[in-house]
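Worksheet: the structure to be examined is printed underneath.
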Amino acid sequence: YLSGGVYLGGTGSANHLDSYEEGTFTAYLRDATSGGNFVALDSARYVKIGKVVHVWVKATNINTTPLTSGNAFFVTSLPFTSTNDGTEAIGAIWWQNLNISATGVVVPRITGSVTYIRFDELVDNTTDSTKLVSSLTDDQADLRVTISYTIT
């Protein structure tokens, strides 16, 4: 236990670490960024160190029946709101039993001032598109996502 924090690599205010937290949260796969239809995911956990949050999400045999197939899908209810400083977070994804014929690469992405992850297919420097619920094979699709993002 360190009362008031610890200084790492120097004694300046930029070196002061005063916040560390870890825990679990309930994440949802939704067909909208808020509201809409949803299904709960298997597990979600996070570690927050200062202003950086690391998130891990697991979903197995996703039931897409409650979701609208023509809508984009999102993982929602992240534990902290992302910063709105112009940066974006790109994470890593592993999937199984998805109907994706991607010409680019599919990535989890967090933009500014949000509490959700969207899934984009990045084709080139001017073309990207969000992935649809119809990309998920009902009761068979599995997702594993890890992403780190900054908060205010």
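The values are calculated or read from the model by the stated rules, or taken from the named source; none is laboratory data. Bear in mind the structure is a predicted one, so any value in this text is a computation, not a measurement. Cβ sites come from the backbone with ideal geometry, for glycine too, and all protein chains shown count toward neighbours. SASA here: full protein model, heavy atoms, side chains in, ligands and nucleic acids out. Shrake-Rupley method; radii C 1.70, N 1.55, O 1.52, S 1.80 Å.
Residues that are modelled with pLDDT of 95 or more and open to solvent by 20 Å² or more (accessible area, probe 1.4 Å) within the range 112-129 comprise Gly112, Ser113, Thr115, Tyr116, Arg118, listed in sequence order. Applying the criterion of at least 2 residues that are more than 27 Å from Glu22 (Cβ to Cβ) to the strands (runs of 3 or more DSSP E) found wholly in the range 36-146 leaves 105-110, 116-122, 128-130. Of everything listed in (1) farther than 18 Å from Asp142 by Cβ; (2) buried (at least 16 other Cβ atoms within 10 Å of the Cβ), the single unmet condition for Leu41 is (1). Can you find a residue in the range 2-13 that is closer than 20 Å to Leu132 by Cβ and open to solvent by 80 Å² or more (accessible area, probe 1.4 Å)? No. The requirement of being open to solvent by less than 50 Å² (accessible area, probe 1.4 Å) and in contact with a helix residue (DSSP H, G or I) (Cβ under 7 Å, 6 or more places away or on another chain) is not satisfied by Leu29.
Mind listing whichever residues of the range 44-68 are open to solvent by 60 Å² or more (accessible area, probe 1.4 Å), in contact (Cβ under 8 Å) with a residue 60 or more places away in the chain and closer than 24 Å to Ile90 by Cβ? Within the range 44-68, Lys51, Trp56, Lys58 qualify. Residues that are on the phi > 0 side of the Ramachandran plot, among the polar types (S, T, N, Q) and either open to solvent by less than 30 Å² (accessible area, probe 1.4 Å) or more than 13 Å from the chain's Cα centre (by Cα) (or both) within the range 69-111 comprise just one, Asn97.
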